[in-house]
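Following: one structure in structure tokens, then a few remarks.
The values are calculated or read from the model by the stated rules, or taken from the named source; none is laboratory data. In this text, all values refer to a predicted model and were calculated from it rather than measured experimentally. Neighbour counts are summed over all protein chains in view; Cβ atoms, including those assigned to glycine, are modelled from backbone coordinates with ideal geometry.
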Amino acid sequence: MRRAHGNLTRIHVPATLAPGAVVAVPPAAAHHLVHVLRAAVGDEVVVFRDGVEFTAVITRIDKHAVTVKLVSGNAIGRETPLACVLAQAISSGERMDLTLQKAVELGIAGVQPLYSERSVVRLDAERAEKRVAHWQQVLIGACEQCGRNIIPGLAAPVPVIDWLGALPSAGAGELRVLLSPHASSRFADLPPPRSVTLLAGPEGGFTAVETGLAVRRGFVALRLGPRVLRTETAALAALAAINTLWGDF
């Protein structure tokens, strides 16, 4: 839960929102309101979901719950006009969190976490489920902070080979980008796309087999200057370039 746009605290609430409705705030946000922000009954907040944000007033605070009454709502769009999906090889701990948080701020529409042969992080089914739940909260928190009213989609982690093999043919105007420090082409060399799928590798880069399959699936290898960027830096630099060239920067 974060403050943004007029300094009112913004809260994502996964409930049906309508003027006059009284809704419960999610537990983590309620804890933050009460124990960190020291909120009181009567304080105003902003509640949002699915592209609509409401001004709301806190109506009840107790040990276990906070409820708010929705006052008025508006459909407010702060999405980039260029839909971009980030297919990101999973990095360790805070690196992945940083990538996801900043990717949301840069307007990403969806995230596909990937396992690569060279990935350091390997998750069993139980850990993967917990990690996805954690990443979902990272996405929500980033939207609360930056003012977005739509939470980007988040898919379950899969091996990059499986994901590439299941991809449909590229749609009209879709640009598929494979970030590679060895590529000769740059983002500025390409015409404006209608959408982008951005594939970013792990710390050690994709293998030759993974890279070859990506190229066969329509990905264009592009570089971000002459320097080798870390995995948590590369995707963010690419997203900034995409927004500057074709988005809303």
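Computed values, structure above
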| read-out | value |
| --- | --- |
| Close pairs from region 215-230: first closer than 13 Å to HIS182 by Cβ and without any contact (Cβ under 8 Å) to a residue 60 or more places away in the chain, partner surrounded by 17 or more Cβ atoms within 10 Å (Cβ to Cβ) and among the hydroxyl-bearing types (Ser, Thr, Tyr), Cβ under 6 Å, at least 6 apart | ALA221/SER180 |
| Which listed residue is of a type in the set (Gly, Ala, Ser), without any contact (Cβ under 8 Å) to a residue 24 or more places away in the chain, more than 30 Å from GLU174 (Cα to Cα) and assigned by TED's automatic domain parsing to the domain that holds THR231, from GLY42, GLY93 | GLY93 |
| Yes/no for LEU70 being out of contact with any helix residue (DSSP H, G or I) (no Cβ under 9 Å at 6 or more places or on another chain) and not in a helix (DSSP H, G or I) | yes |
| Output for region 81-103, where each listed residue is part of a loop (DSSP other than H, G, I, E, B) and buried (at least 19 other Cβ atoms within 10 Å of the Cβ) | LEU82, ILE90, SER91 |
| Matching residues, region 1-27, being modelled with pLDDT of 90 or more, polar (S, T, N, Q) and part of a loop (DSSP other than H, G, I, E, B) | THR16 |
| Leading residue by the ranking (modelled with the lowest pLDDT) among those in region 124-146 that are of a type in the set (Gly, Ala, Ser) and surrounded by 16 or more Cβ atoms within 10 Å (Cβ to Cβ) | ALA128 |
| Hits in region 87-118 (condition: touching a Ser or Thr at 6+ places or on another chain (Cβ under 8 Å), under 19 Å from SER180 (Cβ atoms) and not β-branched (Val, Ile, Thr)) | ALA87, GLN88, ALA89, SER91, SER116, GLU117, ARG118 |
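Yes or no, residue by residue, for (1) at pLDDT 95 or above; (2) in a strand (DSSP E or B); (3) surrounded by 14 or more Cβ atoms within 10 Å (Cβ to Cβ):
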residue: ALA29; (1), (2), (3): no, no, yes
residue: GLY42; (1), (2), (3): yes, no, no
residue: VAL46; (1), (2), (3): yes, yes, yes
residue: ALA56; (1), (2), (3): yes, yes, yes
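Let's see how each residue does on (1) in the same structural domain as ALA234 (by TED's automatic domain parsing); (2) under 18 Å from CYS146 (Cβ atoms); (3) within 22 Å of the chain's Cα centre (by Cα); (4) in contact (Cβ under 8 Å) with a residue 40 or more places away in the chain:
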position: GLY20; (1), (2), (3), (4): no, no, no, yes
position: ARG49; (1), (2), (3), (4): no, yes, yes, yes
position: THR59; (1), (2), (3), (4): no, no, no, no
position: VAL71; (1), (2), (3), (4): no, no, no, yes
position: ALA89; (1), (2), (3), (4): yes, no, yes, yes
